[in-house]
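Enquirer: Take this structure first; my questions come after.
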Amino acid sequence: MADRRRRVLWLTLALVAALVVVGIGGFVAVGGRSGLAAIGAGRGLWVASIPGSPAFGDPRQVLAPDGQAAGASESGVSQAVTPLLADKRLGNVALSVIDLESGKALFGRRDTEAVTPASTTKIVTAAAALAALGPYHRFTTAVVAGPGAGEVVLVGGGDPTLAVGPNATYAGAARLDTLAKQVTAKGKVTKLIYDTSLFTGPALAPGWDSDTVSGGSGSPVSALAVDGGRKKPAADPESETPGIRSADPAKDAAVKFGKLLGLGPGQVVAGTATAGAQPIAALPSPPVQWLVDQMLGFSDNVIAEALLRQVAIAKKQPATFTGGAAARHQVLQELGVDVAGDQLQDGSGLSRLDKLTPQFLTGVLKAAVSPDHAGLRGIVSGLPVAGYSGTLATRFGSDAAAPGIGEVRAKTGTLSGVDALAGVVMTKDGTQLAFALVANGTAGSARPVMDKLAAKLAACGCA
């Protein structure tokens, strides 16, 4: 009965996903990855569309709960995960597992202790961005008249995925080529001023490793950047090469834009637009949901930091790391999430000073599936799928982890000495669980153990 139910569930998902992709095109299908949220409420499956979709609207239950299914229990989950938690590779491990329907805690190991979460921080940033801005919101990169004849000002709007030239790191990104054509159609440009004043404060967060930029993990945070602050487009956003990131992404972006206008580097300078300057051209970013998909799927640190600052602006806080953290905390409180233990310093999880509790993470995931917060559906849709997409595409390959393939959606997290995995999983009997597994002080790679644990939740009935 359970196997038949699972086949029906995933066939239903495939049908709905196809309908959504046909209905709203590239907004949901990002880089070949489905943007459809498939999450549970009760032991029946709820299919949630992007909020406001005329085809689907509010979440609907498409398969009734199986009355014979007992559901996961505290003892069942404990029996499944406890032996794996003894693996020494996990170091100081913390775990929270909850039932997504009821929010009931099914297992907790140090789940209320503040731990270093690495990139699972992006789940929290995604929730704040979708709640504060909305999934359809776009950021505008603009060009306005400069102070002198033939002078224009490129005003950064906080979209770090801008593309220029024949290649792009992010498929579907807004293109500066398009913006340049709008500008040159208005007349000859003799000087380009670039304005990055939308974002303020330090460009690097406290607690970031000294090689964050040189090693390619991140970029100085700026309101103006192309290709995620890279010096050249990356064929794979997940792949990094030492030195690929620019130490001055705004200047590099402006010089590239200037070239499109027929200007040399000497004709491109930093500055600010005059209040009330005449608009010349505008370029909207892809929607916030698209940015969230990119951020979660490939653990994009630069997008995460841009979104954090946009949350700060939306909540009338300074567009800094500190302002963004305060604004995100406020938004999560407004969503009803227990924010105890929130000591996050940045949006990406690169900071070693970041701290949160596993219970905080599962609380955010619970909010994401709540009928009260339809705008958060894109969190679950954006999570990598075990064995198929994003940072989980090449994981869950061992026999012990194989049951998790296609069943686990989760955000990864990695720093030296830190491994994390947090997301949602459907158990063998159809119960929907959220889990947050964070290991600090790891000895070697903890990933294989984490994959096995998530797969164990998928394979067990846990009754």
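The values are calculated or read from the model by the stated rules, or taken from the named source; none is laboratory data. All values derive from a computational prediction rather than experimental measurement. Cβ sites come from the backbone with ideal geometry, for glycine too, and all protein chains shown count toward neighbours. Protein only, heavy atoms only, side chains kept; ligands, DNA and RNA dropped before computing areas. Shrake-Rupley method; radii C 1.70, N 1.55, O 1.52, S 1.80 Å.
Enquirer: Please go through region 140-179 and give me each residue that is at positive phi and either modelled with pLDDT of 95 or more or in contact with a strand residue (DSSP E or B) (Cβ under 8 Å, 6 or more places away or on another chain) (or both), ordered by number.
Expert: Within region 140-179, GLY150, GLY158, GLY172 meet the criteria.
Enquirer: Sticking with this structure for a sec: Which of the residues spanning region 155-172 are assigned to a loop (DSSP other than H, G, I, E, B) and among the hydroxyl-bearing types (Ser, Thr, Tyr)?
Expert: THR169, TYR170
Enquirer: For residues that are assigned to a loop (DSSP other than H, G, I, E, B) and among the hydrophobic types (A, V, I, L, M, F, W, C), scanning just region 316-353, find the one that is farthest from the chain's Cα centre (by Cα).
Expert: Filtering first and then ranking leaves ALA340.
Enquirer: Test ALA171 against the criterion of being under 29 Å from ASP293 (Cβ atoms) and open to solvent by less than 40 Å² (accessible area, probe 1.4 Å), and give yes or no.
Expert: Spelling it out, it is not the case that ALA171 is under 29 Å from ASP293 (Cβ atoms) and open to solvent by less than 40 Å² (accessible area, probe 1.4 Å).
Enquirer: Follow-up. Using beta carbons and a limit of 6 Å, which pairs, at least six apart or on different chains, have the first residue in region 200-216 and within 17 Å of ALA319 (Cβ to Cβ) and the second one acidic (Asp, Glu)?
Expert: ALA205/ASP346
Enquirer: Considering only region 336-349, state which residues are touching a strand residue (DSSP E or B) at 6+ places or on another chain (Cβ under 9 Å) and open to solvent by 20 Å² or more (accessible area, probe 1.4 Å).
Expert: GLY341, ASP342, GLN343
Enquirer: Further question on the same structure: Tell me the residue from ALA393, ALA422, ALA410 that is at pLDDT 95 or above and surrounded by fewer than 24 Cβ atoms within 10 Å (Cβ to Cβ), please.
Expert: Checking each option against the conditions leaves just ALA393.
Enquirer: Restricting attention to region 323-335, which residues are touching an Asp or Glu at 6+ places or on another chain (Cβ under 8 Å) and either touching a residue at least 40 places away in the same chain (Cβ under 8 Å) or surrounded by fewer than 21 Cβ atoms within 10 Å (Cβ to Cβ) (or both)?
Expert: Answer for region 323-335, where residues must be touching an Asp or Glu at 6+ places or on another chain (Cβ under 8 Å) and either touching a residue at least 40 places away in the same chain (Cβ under 8 Å) or surrounded by fewer than 21 Cβ atoms within 10 Å (Cβ to Cβ) (or both): HIS329, LEU332.
Enquirer: State whether one or more residues within region 180-190 are touching a strand residue (DSSP E or B) at 6+ places or on another chain (Cβ under 6 Å), open to solvent by less than 60 Å² (accessible area, probe 1.4 Å) and part of a loop (DSSP other than H, G, I, E, B).
Expert: yes
Enquirer: Right, next: Please enumerate the residues belonging to region 294-322 that are within 11 Å of THR161 (Cβ to Cβ) and among the acidic types (Asp, Glu).
Expert: ASP300
Enquirer: Here is a further query. Looking only at region 445-463, which residues are among the hydrophobic types (A, V, I, L, M, F, W, C) and surrounded by fewer than 22 Cβ atoms within 10 Å (Cβ to Cβ)?
Expert: Passing the criteria: ALA459, CYS460, ALA463.
Enquirer: Of the numbered conditions (1) open to solvent by 40 Å² or more (accessible area, probe 1.4 Å); (2) among the polar types (S, T, N, Q); (3) in contact with a Phe, Trp or Tyr (Cβ under 9 Å, 6 or more places away or on another chain), GLN310 fails exactly one; give the number of that condition.
Expert: Going through (1) open to solvent by 40 Å² or more (accessible area, probe 1.4 Å); (2) among the polar types (S, T, N, Q); (3) in contact with a Phe, Trp or Tyr (Cβ under 9 Å, 6 or more places away or on another chain) one by one, GLN310 breaks only (1).
Enquirer: ASP66 - would you say it is at pLDDT 95 or above, in a loop (DSSP other than H, G, I, E, B) and either open to solvent by less than 40 Å² (accessible area, probe 1.4 Å) or touching a Cys at 6+ places or on another chain (Cβ under 9 Å) (or both)?
Expert: So ASP66 does not fit the description; no.
Enquirer: So, one more: What tally of residues in region 362-383 results from selecting those that are crowded, with 24+ Cβ neighbours inside 10 Å and not in a helix (DSSP H, G or I)?
Expert: Within region 362-383, residues that are crowded, with 24+ Cβ neighbours inside 10 Å and not in a helix (DSSP H, G or I) number 1.
Enquirer: Any idea how many residues of region 446-463 are in contact with a Ser or Thr (Cβ under 9 Å, 6 or more places away or on another chain), at negative phi and not in a helix (DSSP H, G or I)?
Expert: Of the residues in that region, 3 qualify.
Enquirer: Right, another one. Quick one: in region 112-149, which of the residues that are open to solvent by 30 Å² or more (accessible area, probe 1.4 Å) and among the charged types (D, E, K, R) is nearest to ASP159 (Cα to Cα)?
Expert: Applying the filter and picking the extreme gives ARG138.
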